[in-house]
Structure formats: structure tokens, C-alpha cells
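Scroll down for the structure; my scribbles are underneath it.
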Amino acid sequence: MTTLSMPQLALDDLRIEPGLPTVVAPKAGVDISLEEAMPLLRTIADDTLEQAGGLLFTGFRVPSIESFQGFAGSFGHPLIGYEFASTPRSQVEGAVYTSTEYPPHRSIPLHNEQSYTREWPLRIWFHCVLAAASGGATPIADSRAIYRGLDPALVARFTKRELLYVRNFGQGLDLPWQQTFGSDDPRVVERICAARGIDCAWRDGEDGELLLRTRERCQAVASHPRTGDMVWFNQLNLFHLSALDEEMQEALVDAVGLENVPRNVYYGDGEEIEAEALAEIRGVLDQQRIVFPWLSGDVLMLDNMLTAHARDPFRGPRKVVVAMAQSYSEPKSGEQKTAS
């Protein structure tokens, strides 16, 4: 269908339900694709996203992953790749990736994408190609509300001390460093780490495998570059060893030692984070969870700093793909805030 022959969509043709997520859908009897509706939907997103935090486009025809990619890429910024990964994903098409490839019986806690680094996407889209027969929701939460819901003393402590993420790649336990850094050359890895301010160290595994450990100090909270809102912005609850059940924790520590577990997180100065602090953070995250059911064809658009996301366990086939845009990093002193 050419642009000239596309039907003209008006606000009166849509049902808009404010909230998080703000639901945008065609009214009964209106049959239109996401691509055809794009000009009006983009206007709605521009006016709404940074207030609501997320929009759910439902009831529109999405004939292919390519059309989803075209929609996500129509918001004025090129889509970006999934670099410096912390979880396994596969490239589906262009800059569209699978959601985290994790056993379906396990949940993925609330987090903001790539908030374990100093650079992250401001925009993220999820497209439900096939909804699971049971479970498989993508819960979301308002990062501003999480920030406000935590004890101010705890927030102040984490703001000042920040976080130190420690990762041990390989060992058959986590992603190989070659996959995360996109190279099998240690010198390339060292250059990437140096450019990002990441400490890295090599060691030989028992079987001769070259193993990599990285240490990166990152923010626990952040200020949104356009709205100025303060947000809880990290993956502390997900990276900390206590995110695993006790049996798995013990097995990992017995196998490789505490210092070599695949991932862990500390205060920025390397001190252990108190169990009480972890419990409070996880409690507030649980209180802020918002769950909605996926319908095949749905597209969820989030401001990645304002809204965290998760994944519930599921049964049966499920396919959700992801696209991201607007890479952003906190500026150094004297620099301007920019997003690409």
C-alpha cells in the first residue's frame, strides 16, 4: 500500500486509556496496520511517553517483524545493536533481537535495560509475535515511583557510594567474553574496556580457557536527561548473587569460589551490600509491578529510564522481540547531555 492510499487515521478512531502503560487501540470497526497508523501514533508517543513512561499499542495489524522494525525506527532515531550483553539473545532481523533467552519456568526481575553500564538506550520496544498459552507477561514498573518508595536514607547511601558490577565470563556458566564483546581478540576487549572505563583482568582456567573478569563502577540512581526526574536505575537486584536460589548459590560458590561467580554486585567501594537493603529494594520493586496480558501483535514502547521491565514464567511457545534506540550516557563534567 502506498502512502497516498493509506487510510487517514484520526484521534476519533482510537481508544486511549491513560496510565502505565497508556493503552492505544483502534476503536471497534477500525481495521488498520501499525505502519498505516504510524504518523498519528508517533504524535501521541511524542506527547505522552515521557509523562506516562510507556505505551501499549494493541489491536493494530503487525504483519511481520520487518514492519515492527520499521515502526520502531520511525521515531527519528536509528535503532541500535545489543552491545555489551549480560544475557543471551539472538539477532532476529536487522536491529531486532529476541527477548532474553532464559528458561521459561524462571522469572526475570524488574530492571532497566543496560543500567548495569554507563551507557544505555533511552527507548525500547517489545513486540509480542506470539503470546504464550499461559503466563509470559512482561511486567513493568515506574522507576520514579520506585525511587520515591525507597527509604530516602537508603537512596542517599546508594547515590553516594554507587555500585560495582563484577562479571566473570565463560567457565561454562555465563556468556563467553567473545560473544559479549563481539571479538575473540583480547586486545580488542581491552580497548573496549578502556574506552568505557571498565577494569579488566585475564586469567587461565583449569582447562586452558582464557577467562575474563570485569569490574565496572556505575550509577545506582540517575536523572532523566529531558524530564529531570530522578529514577532508581540499576540492576542491583538482578546481578546480586542472592538473586539465585540458595541451592544454586551454594553450587556456584563450591564450584568456582565466591570471587569467580559469573556476576555479583557490591557498593562502589567494593563493600558487601547489606541483606536488609536488598530486601527493602526487592520489596518496593514487588509493590510497583504492573502486569498486563500480552496479545499476539501487541507493541509496547517504553522510556527505558522511566520504566523498568521484567518477564514472568510461561508455558508453551512464546515469541517476543525487542528493538532499542537513542544510546545515552551520563556526561562528564562540562559536557552536554546528548543521545544518539
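The values are calculated or read from the model by the stated rules, or taken from the named source; none is laboratory data. Keep in mind the model is a prediction, meaning the values are calculated, not measured. Positions of Cβ are generated from backbone atoms using ideal geometry, with glycine treated the same way; all protein chains shown enter the neighbour counts. What goes into the accessible areas is simple: the full protein's heavy atoms, side chains included, and nothing from ligands, DNA or RNA. Shrake-Rupley method; radii C 1.70, N 1.55, O 1.52, S 1.80 Å.
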Say whether the condition of being under 18 Å from the mean Cα position of the chain (by Cα) and in a helix (DSSP H, G or I) is met by at least one residue in the range 255-276. no
Is it the case that LEU241 is open to solvent by less than 10 Å² (accessible area, probe 1.4 Å) and in contact (Cβ under 8 Å) with a residue 12 or more places away in the chain? no
Specify which of the listed residues (ARG106, ARG123) is assigned to a strand (DSSP E or B) and either of a type in the set (Val, Ile, Thr) or open to solvent by 10 Å² or more (accessible area, probe 1.4 Å) (or both). ARG123
The residue from ASP286, ASP229, ASP269 that alone is open to solvent by 60 Å² or more (accessible area, probe 1.4 Å), at pLDDT 95 or above and touching a helix residue (DSSP H, G or I) at 6+ places or on another chain (Cβ under 7 Å) is ASP269
Candidate set: the range 158-187, residues that are charged (D, E, K, R) and free of Cβ contacts under 8 Å to residues at least 24 places away in the same chain; chosen: the one farthest from TYR82 (Cα to Cα): LYS160
State which residue is modelled with the lowest pLDDT when the search covers only the range 109-120 and only residues that are outside any loop (DSSP other than H, G, I, E, B) and open to solvent by 10 Å² or more (accessible area, probe 1.4 Å). GLU119
Pairs needed: first member in the range 112-131, over 17 Å from ARG226 (Cβ atoms); second member anywhere, surrounded by fewer than 23 Cβ atoms within 10 Å (Cβ to Cβ) and basic (Lys, Arg); C-beta distance under 6 Å; at least 6 residues apart or different chains. VAL129/LYS319; LEU130/LYS319
Residue list for the range 26-58, filter: of a type in the set (A, V, I, L, M) and either assigned to a loop (DSSP other than H, G, I, E, B) or surrounded by fewer than 17 Cβ atoms within 10 Å (Cβ to Cβ) (or both): ALA28, VAL30, ILE32
Please go through the range 218-254 and pick out each residue that is within 21 Å of LEU122 (Cα to Cα) and assigned to a loop (DSSP other than H, G, I, E, B). GLN219, ALA220, HIS224, PRO225, ARG226, THR227, GLY228, ASP229, PHE233, ASN234, GLN235
